[in-house]
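Have a look at the structure below, then the notes.
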Amino acid sequence: MDLGTAQWLASDDGRAALAAACRLDAEAHAAAASGRGRVDPLALATAVRRALPGLDPGRAAELLTQARLRRRARPRLGDVVDLLLLTEDGAEQATRTVVADLRAGALLASGATHVADLGCGLGLDLLAFARSGLRVTGVERDPVVAALARVNAAALGLDGLVEVLDGDVTDADVLDRALATADAAYVDPARRDTGRRTQGRAARVADAEDWSPPWSWVEGVADRVPRLLAKVAPGVPRDLAPDGGCTTWTSVDGHLVEAEVAWPLAAAPYDGAVRQARVVRDGAVHLLASRQESDPAPPPVGPVGRWLHEPDDAVIRAGLVADVAALVEGRLLDEHVAYVTSDDDVEVPLATRFEVRHALPFDIAAVRSLLVAEGVGEVVVKKRATSLEPERIVRELALPRAGGRAVLLLARVGDGVDAFVCDWPPAWS
């Protein structure tokens, strides 16, 4: 997208045209979902051109791109997506709205009044900060993306709280302007290489010093502003946060989506936590926190009980599996495996609970015979600490058609792999 197209999309004519394209896109996909075949991209493009005669072909193509990006981003952004203009990379890396709002609320609770969003992209975190009542100065080096961030703020009626500067945050003058009156800063370093793609997505960059900007630059910003938050990859080490700070791992409906490092003043609302898991399920937020730098004593290890609990990935990343074990009065199957087992009927939202039907050493033929005998025709395979591939196990089981469903949990226990045939959780039905 060029700047001219971005400006046209923001105009009354552009917005009307985009609304028409989104409506046609939604109708085509609804028809496909009802069983009337796949969406024909050529037919959809033809329908858009017929609805908007005389439209430049390049702009017609951009309308279809925006419609597709909005459709794909809706599960993570919600209905606000209907007011936003997006880019491929921006939509791919966008912070989920629920997470951005939680971050903004915590920053506001820390006493911040004006946050500098250093590398704001399309402005999705920036908008959350403004929705919470914070003043925001965003910085974006791509002039087209910066223009879209301004358009998005205006579309939500937040432009009175938002200023977006064009420039590179690693430029000293640009950074000076952004931080001039800010009492907080937020950084979301780019952790993907858009020049390399894996399965259609920009390749991940593992080394924090290869992020853009690098982690050493982020730490330098901390010396210039009272409060600092940095969004980072979930795989970061737990000791990345500075003394007095807090690292939070967040999952949404079972998907680990990000980690966040908060410097001490920004971490004040976390009440002394040094690391925490934030689990969002069905809109409800559940926190599990530790105020200790060192890990707690490991849970006991023992035989499988009536229940198996699979801690949320945010809990595992935060090193809080022992806390879940304590909550359910449970034990580990193996000291190196993050499955908790218990005997009592206790459930916590920080883990998915499975009722165990059978436990046996893993053998594909034995497991298949057991499932067939119980009339299971659909199985979901999950694993911990084993190289077995769930998709391959499903293929090898080759279950005949039947009405029953089960979950097969595979875990390394001692020197071997055990299989646990479990009931289908009610929450999955």
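The values are calculated or read from the model by the stated rules, or taken from the named source; none is laboratory data. For clarity, every value in this text was computed on a predicted model and none was experimentally measured. Every residue, glycine as well, gets a Cβ built from its backbone with ideal geometry; the counts of neighbours run over all protein chains shown.
In table form, for the structure just shown:
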quantity: Residues that are assigned to a helix (DSSP H, G or I) and touching a Pro at 6+ places or on another chain (Cβ under 6 Å), drawn from region 106-134; calculated: Ala106, Ala109
quantity: Test: residue in region 85-97 that is among the β-branched types (Val, Ile, Thr), assigned to a helix (DSSP H, G or I) and not assigned by TED's automatic domain parsing to the domain that holds Ala149; calculated: no
quantity: Which numbered condition Pro234 fails, given (1) closer than 22 Å to Ala351 by Cβ; (2) part of a strand (DSSP E or B); (3) modelled with pLDDT under 95; calculated: (2)
quantity: Members of region 49-62 that are in a helix (DSSP H, G or I) and farther than 15 Å from Thr5 by Cβ; calculated: Arg49, Arg50, Ala51
quantity: Residue match in region 402-414 (condition: among the hydrophobic types (A, V, I, L, M, F, W, C), surrounded by 13 or more Cβ atoms within 10 Å (Cβ to Cβ), closer than 19 Å to Leu287 by Cα and in contact with a strand residue (DSSP E or B) (Cβ under 7 Å, 6 or more places away or on another chain)); calculated: no
quantity: Scan of region 201-217 for residues that are in a helix (DSSP H, G or I) and either surrounded by 14 or more Cβ atoms within 10 Å (Cβ to Cβ) or at pLDDT below 85 (or both), ordered by number; calculated: Ala208, Glu209, Asp210, Trp215, Trp217
quantity: Residue among Asp159, Asp142, Asp79 that is surrounded by fewer than 24 Cβ atoms within 10 Å (Cβ to Cβ), under 19 Å from Met1 (Cβ atoms) and either of a type in the set (D, E, K, R) or touching a helix residue (DSSP H, G or I) at 6+ places or on another chain (Cβ under 7 Å) (or both); calculated: Asp142
quantity: Candidate set: region 108-121, residues that are of a type in the set (A, V, I, L, M) and buried (at least 24 other Cβ atoms within 10 Å of the Cβ); chosen: the one nearest to Pro214 (Cα to Cα); calculated: Leu118
quantity: Pairs with Cβ under 8 Å, 6+ apart, first in region 47-62 and assigned by TED's automatic domain parsing to the domain that holds Arg23 and closer than 20 Å to Leu85 by Cβ, second modelled with pLDDT under 95 and outside any helix (DSSP H, G or I); calculated: Val48/Leu55; Ala60/Leu52; Glu62/Met1
quantity: Matching entry among Val315, Val324, Val279 (being at pLDDT 95 or above, closer than 30 Å to Asp418 by Cβ, in contact with a strand residue (DSSP E or B) (Cβ under 6 Å, 6 or more places away or on another chain) and not assigned by TED's automatic domain parsing to the domain that holds Ala351); calculated: Val279
quantity: Restricting region 318-331 to residues that are touching a helix residue (DSSP H, G or I) at 6+ places or on another chain (Cβ under 8 Å) and surrounded by fewer than 21 Cβ atoms within 10 Å (Cβ to Cβ), the residue that is farthest from Trp249 (Cα to Cα); calculated: Arg331
quantity: Selection count, region 1-18, where residues are surrounded by fewer than 13 Cβ atoms within 10 Å (Cβ to Cβ), closer than 16 Å to Asn152 by Cβ and either small (Gly, Ala, Ser) or without any contact (Cβ under 8 Å) to a residue 60 or more places away in the chain (or both); calculated: 1
quantity: Residue check for Val372: under 30 Å from Arg317 (Cβ atoms) and out of contact with any Asp or Glu (no Cβ under 6 Å at 6 or more places or on another chain); calculated: no
quantity: Test: residue in region 63-75 that is of a type in the set (S, T, N, Q), closer than 30 Å to Leu156 by Cβ and part of a helix (DSSP H, G or I); calculated: yes
quantity: Enumerated strands (runs of 3 or more DSSP E) restricted to region 332-408, each holding at least 3 residues that are modelled with pLDDT under 95 and within 29 Å of the chain's Cα centre (by Cα); calculated: none
quantity: The listed residue being in contact with a Ser or Thr (Cβ under 6 Å, 6 or more places away or on another chain) and closer than 23 Å to Ala147 by Cβ, out of Leu86, Leu77; calculated: Leu77
quantity: Given (1) in contact (Cβ under 8 Å) with a residue 40 or more places away in the chain; (2) within 25 Å of the chain's Cα centre (by Cα), index of the condition Asp323 fails; calculated: (1)
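The rows are residues; the columns are (1) in contact (Cβ under 8 Å) with a residue 12 or more places away in the chain; (2) over 20 Å from Trp428 (Cβ atoms).
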| residue | (1), (2) |
| --- | --- |
| Leu308 | yes, no |
| Gly319 | yes, yes |
| Asp343 | yes, yes |
| Val346 | yes, no |
| Glu378 | yes, no |
| Lys382 | yes, no |
| Glu389 | no, yes |
| Ile393 | yes, no |
